Amino acid sequence: MQDEATPRFKAATGGVAAVAVLGIVALRFCGTPPLPGKPPPPVVREGERAGEVLRESAGTSNAWAQFVRQDAHAAALPDVDPASLTKVLPYHGEDQRQIMTVDGAPLEAGGLRLSLSVEPGVGDKILVMTIENLSNAYVAYQVATETSLGAQACSTRMILRHNAVTLAPGATEKRSECIYRPDMKLVVVRAETLELTPLSAWYLSRVPPSALALDTRASQGHATGPGACTTSHPQTLKAAIQRGQTTWRDLVDFYARHRCESYDFPKGYSYFKVDGERELPATAS
């Protein structure tokens, strides 16, 4: 049996070897086998392609202007001329320290009327500041305060939900300053406003208070608008803010002219002093 199987095994082995040799010869003289064809390109909808191109070219003036028109539509505003965002934003500010008490008269500073009241809280009563916009324009505002008891004594107060960034024409906001104590005084360190276009106010409604260097205690409870950005600053910009090289006015001026999801605050940016003094967008050089 073994002698009979051996020839058949040899024949089969010889056949396999012959096929292998023929394959090698074919590869040698006929080249490599053809590669499979490329898969068809992915289908990209026209709107997606336009959006991608726009994101890649965000640094151009044409792209910025197109963003302005798109955002005006999203904000349900009439047609907005992009040139309107290159004008100076009127500023009102006061740095003189002024003391306020619950039984004292309202204070007018930086285009705002400020008054104090005592309201019920959760457990303790709270000292509440009412901030009123005296103008007929939208404004970005900052009211920096200190309490006679220090910030630590205010950390457990009840927080009131409010808009800590902008005020509509004639609008008021209430914010809690501290747990109330009968002998407490409140010092207004600084009060300032920048007048805004409606679209600029919409842009700023999506920017967190931390991006504008607003005091954490005063801005607690801020109600951010729809589509809020998670804007954060690099350490170099934080250092410039701490040194006073970049101010609240600079930060607000930039974000009043740029959508926060497409543009980051560029190093060295300063507020507009003359209408149209620079081409937008302002980007890092």
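For THR230 and ASP79, what does the FRET efficiency come to when R0 = 22 Å and r is the distance between their Cβ atoms, rounded to the nearest 0.05? With a Förster radius of 22 Å, E is 0.15.
Are there trypsin sites (Lys or Arg not before Pro) in segment 182-285 that DSSP puts in a loop and that have at most 16 other Cβ atoms within 10 Å, and which ones?
Values: sites: LYS185, ARG190, ARG206, ARG217, LYS238, ARG243, ARG249, ARG257, ARG259, LYS267, LYS273, ARG278; in loops: LYS185, ARG206, ARG243, ARG257, ARG259, LYS267, LYS273, ARG278.
Those satisfying the criteria are LYS185, ARG243, LYS267, LYS273, ARG278.
How high is the relative contact order of segment 246-285, in percent, counting Cα pairs under 8 Å that sit 6 or more residues apart?
Numbers: 30 pairs, mean separation 18.0, N = 40.
Relative contact order of segment 246-285: 45 percent.
Can you send over the carbon and sulfur percentage of the accessible area for segment 74-167, probe radius 1.4 Å, protein chains only?
50 percent
As an exercise, identify the GluC sites (Glu not before Pro) in segment 126-181 lying in DSSP coil whose Cβ has no more than 13 other Cβ atoms within 10 Å.
On the way: sites: GLU132, GLU146, GLU173, GLU177; in loops: none.
Of the GluC sites (Glu not before Pro), not one in the loops of segment 126-181 has a Cβ with at most 13 other Cβ atoms within 10 Å.
What the Cα convex hull of segment 242-285 gives, in volume per residue, is 82 Å³. Heavy-atom accessible surface of segment 132-236, averaged per residue, reaches 43 Å², computed with a 1.4 Å probe. A 1.4 Å probe run over segment 80-128, with the rest of the protein chains in place, finds 56 Å² accessible per residue. Distant-in-sequence amide contacts of THR145, defined by a placed amide H-H separation under 5 Å and a gap of 5 or more residues or a different chain, comprise VAL189.
To the nearest whole percent, what portion of all C-alpha pairs in segment 146-265 is separated by more than 23 angstrom?
On the way: 2546 of 7140 pairs.
That tail contains 36 percent of the Cα-Cα pairs.
Three principal axis extents describe the C-alpha atoms of segment 105-172; from largest down they are 38, 22, 20 Å. If you take the alpha carbon atoms of segment 54-156 and fit the smallest convex hull around them, that volume is 208 Å³ per residue.
The values are calculated or read from the model by the stated rules, or taken from the named source; none is laboratory data. Bear in mind the structure is a predicted one, so any value in this text is a computation, not a measurement. So basically every Cβ, Gly included, is an ideal-geometry build from the backbone, and we count neighbours across all protein chains shown. Remember, those area values only see protein heavy atoms, side chains included, never the ligands or the DNA or RNA. Shrake-Rupley method; radii C 1.70, N 1.55, O 1.52, S 1.80 Å.
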